[in-house]
Amino acid sequence: MLNRERKGIEKDIQEINHYLQKNDFPLISIKDNLYIVPEILIKEFNAPEKKLKHTQIYLNEIERMQLIYLVTFIRKSELSNFHYQEFLQVSKNTVLTDIRKLREDCRTFDLIFSYSKKKGYFIQGSEINKRKMAFDIITSLLEASNGKWILKYLMSYWNEESDVKKLVEKMKEESTHYSISLVEDRLTEIAYMIILIKIRNKK
């Protein structure tokens, strides 16, 4: 499902177990070459999207920069350093360092990641370039094993929900109706982009 080697999956399970042990949960075990997840864990994390805001998260530098851009791209209110700290669960210095590096990335798309006391953080540049960078980030995230979770976490921050599968099916139906040829493996990316633009346009 994740298109990863066994060694990588085993490392992920070890990290999950480390988190579970630290928070006094029973661990995932291996029996007869199968991973056994305790029933209490299944019940506890049955609806993770509803608990995302209260979950401790661990993101690397690139993922943090990507999320800073996307949360600003679809912002529904003013954003400050505090909002980024709360969203990413990191220190002020980490946020400032990430923003400094993100500004360099934005220049690739002829964009400026700006700040003013009145507007907070915002992105300057043409709308098409803002969308190009957002789509580039979505593509990058969906290539990672935890990309869909990160995008779900992003939308939960603004109390937004999305049904990507339903939107993909709708696009397939419409393409058949209008005899349009679609690239199958890009539909999920396009669906996420449509959802983010819809949220962005609400403001």
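The values are calculated or read from the model by the stated rules, or taken from the named source; none is laboratory data. These figures come from a predicted structure and were not determined experimentally. Only protein heavy atoms, including side chains, enter the accessible area calculation; ligands, DNA and RNA are left aside. Shrake-Rupley method; radii C 1.70, N 1.55, O 1.52, S 1.80 Å.
Show which aspartates and glutamates lie in cross-link reach of Lys202 when reach means a straight Cα distance below 20 angstrom and same-chain residues fewer than eight apart are skipped.
Glu78, Glu127, Glu160, Glu161, Asp163
Please work out the average accessible area per residue across the chain, using the 1.4 Å probe convention, and give it in Å².
With all protein chains present, the chain gives 66 Å² per residue.
Lys11: which lysines have alpha carbons under 20 Å from its alpha carbon, excluding same-chain residues fewer than 8 sequence positions away?
The qualifying lysines are Lys22, Lys31, Lys148.
Report in % the part of the accessible area of region 89-203 that belongs to carbon and sulfur, leaving out ligands and nucleic acids; probe 1.4 Å. Spell out each step's value before the answer.
Working: 3600 of 7220 Å².
Carbon and sulfur: 50 percent of the exposed surface of region 89-203.
Using only Cα atoms, what Kirkwood radius does region 109-192 have, in angstroms?
15.0
Tell me what the chain gives for mean residue ellipticity at 222 nm when only DSSP H runs of n ≥ 4 count, each as -39,500 (n - 2.57), the sum divided by the residue total, rounded to 500 deg cm²/dmol.
On the way: 9 runs with 117 residues, N = 203.
After summing the helix terms and dividing by residue count, I get -18500 deg cm²/dmol.
Quote to one decimal, in nm, the extra length available between Lys22 and Ile42 on full extension: 0.36 nm per residue of separation minus the C-alpha distance between them.
5.4 nm
Which entry in (1) 0.97; (2) 1.00; (3) 0.93 is this structure's computed Rg/Rh (Cα atoms, Kirkwood Rh)?
Only one option fits the structure, namely (2).
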